[in-house]
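**Student:** Take this structure, written in structure tokens, and hold onto it; I'll ask about it next.
The values are calculated or read from the model by the stated rules, or taken from the named source; none is laboratory data. These figures come from a predicted structure and were not determined experimentally. Virtual Cβ from ideal backbone geometry, glycine too; neighbours counted across all protein chains shown. Protein only, heavy atoms only, side chains kept; ligands, DNA and RNA dropped before computing areas. Shrake-Rupley method; radii C 1.70, N 1.55, O 1.52, S 1.80 Å.
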Amino acid sequence: MNLRGEGTSEVRFAAYMQGLADVVGHADRAGPLRDYCTGLMLPGERKSVEPMAAKTAPARTAAQHQFVAHFVGVASWSDEKVLAKVRAMVLPSMERHGPIEAWIIDDTAFPKQGTHSVGVQHQYCGQLGKEANCQVAVSLSIANHSASLPVAYRLYLPKEWIEDEARRDKAGVPLDISFKTKPEIALEQIRWACEAGLPRGVVLMDAAYGTDSRLRTGMTALGVTYVVGIQPKILVWPPGAGPKRRGKPLNNTGRRDEPDLISAKQMALDLPKHAWRTIRWREGSADWLSSRFCPRARSGRA
């Protein structure tokens, strides 16, 4: 595979790398940046520096390993500037196929063998579908029907890491990094996207985020429309009801204590059958994707 040739994909890749090289600082970082990104795209399960070095420079693997490892782990460059550059290059191409329709909050897990990678611990790993030793990063992506693009990305640092000064120091975690839950990180990313003036879309997230009432309240305060997954036990105001004291502060569970709150499951069970509609939204690999919705059921959120 010759990524430095003259073919169309090779030329596009070279132009893309040059755009990123413009924001990583010194010119001597362009080479390891290109080789690292090349290694990410090449086949192989392990995406650490050592196997990448063997594939991108097999005749001088040891030197290449040191070359790329220094760029990844030691060189000072801004991931925010890189993401901004990627957005500037990619967003116009996306919007040629239609406007941005969604902001997607999700997390990505990276299985790890050891214990030294920043933020690694035994936690749920979506890639494996179970708890495992991994790192987890929270991301915000903007999307339309043509493509999606990550615009914000932050590593989740568990409390065990925050409280272990020796481990933090050894891994080079800055002193000003404090503990934040994944929903707190997500809300910061959404707030930043609003302030940055990114093209608005409906915020989508699964129940791991949607059940956090402070995150939902924060999105409402920002004027963001959202569709989120929730758990059956989450408390809501039934249709026709509502909070008696809107200004009452949230308690420690993140909701207002009101006597008429009921579970989302109970509200769904109480709705008449004719309130539900089966809606199909697109064709899947085997059949149409569809589910039952209740368009007219409106409730306050606890």
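**Student:** Please tell me if K244 is touching a strand residue (DSSP E or B) at 6+ places or on another chain (Cβ under 7 Å), among the charged types (D, E, K, R) and either open to solvent by 50 Å² or more (accessible area, probe 1.4 Å) or at pLDDT 90 or above (or both).
**Tutor:** On the way: touching a strand residue (DSSP E or B) at 6+ places or on another chain (Cβ under 7 Å): no; among the charged types (D, E, K, R): yes; either open to solvent by 50 Å² or more (accessible area, probe 1.4 Å) or at pLDDT 90 or above (or both): yes.
Answer is no for this residue.
**Student:** Among the residues of the range 1-22 satisfying the criterion of being in a loop (DSSP other than H, G, I, E, B) and open to solvent by 40 Å² or more (accessible area, probe 1.4 Å), which is modelled with the lowest pLDDT? Please lay out each step first, then the result.
**Tutor:** To start, the set of residues in the range 1-22 that are in a loop (DSSP other than H, G, I, E, B) comprises 1-7, 22.
Those left that are additionally open to solvent by 40 Å² or more (accessible area, probe 1.4 Å): 1-2, 4, 6, 22.
Working: M1: 41, N2: 46, R4: 48, E6: 48, D22: 88.
The qualifying residue modelled with the lowest pLDDT is M1.
**Student:** Could you give me the residue pairs with C-beta distances under 9 Å whose first residue belongs to the range 38-51 and is part of a helix (DSSP H, G or I), whose second residue is at pLDDT 85 or above and among the basic types (K, R) wherever it lies, and which are 6+ apart or on separate chains?
**Tutor:** T38/K55; G39/K55
**Student:** Consider A152 against the criteria (1) within 22 Å of L83 (Cβ to Cβ); (2) surrounded by fewer than 14 Cβ atoms within 10 Å (Cβ to Cβ): it satisfies all of them except one. Which criterion is unmet?
**Tutor:** (2)
**Student:** When D35 is evaluated against the numbered criteria (1) open to solvent by less than 40 Å² (accessible area, probe 1.4 Å); (2) outside any helix (DSSP H, G or I), which criterion, by number, is the only one it fails?
**Tutor:** For D35, the exception is condition (2).
**Student:** Given R167, R191, which one is modelled with pLDDT under 95 and among the basic types (K, R)? Steps first, please.
**Tutor:** On the way: R191 fails: modelled with pLDDT under 95.
Criteria check complete, one pass: R167.
**Student:** Quick check, is W281 at pLDDT 85 or above, within 27 Å of I100 (Cβ to Cβ) and open to solvent by 70 Å² or more (accessible area, probe 1.4 Å)? Explain how you work it out, then say what you get.
**Tutor:** Values: at pLDDT 85 or above: no; within 27 Å of I100 (Cβ to Cβ): yes; open to solvent by 70 Å² or more (accessible area, probe 1.4 Å): yes.
Spelling it out, it is not the case that W281 is at pLDDT 85 or above, within 27 Å of I100 (Cβ to Cβ) and open to solvent by 70 Å² or more (accessible area, probe 1.4 Å).
**Student:** Another question, if that's okay. Would you confirm, using the coordinates I've provided, whether W77 is of a type in the set (A, V, I, L, M, F, W, C), open to solvent by 90 Å² or more (accessible area, probe 1.4 Å) and either modelled with pLDDT of 90 or more or over 17 Å from the mean Cα position of the chain (by Cα) (or both)? So that I can check it myself, show each step before the final result.
**Tutor:** Numbers: of a type in the set (A, V, I, L, M, F, W, C): yes; open to solvent by 90 Å² or more (accessible area, probe 1.4 Å): yes; either modelled with pLDDT of 90 or more or over 17 Å from the mean Cα position of the chain (by Cα) (or both): yes.
The answer is yes for W77.
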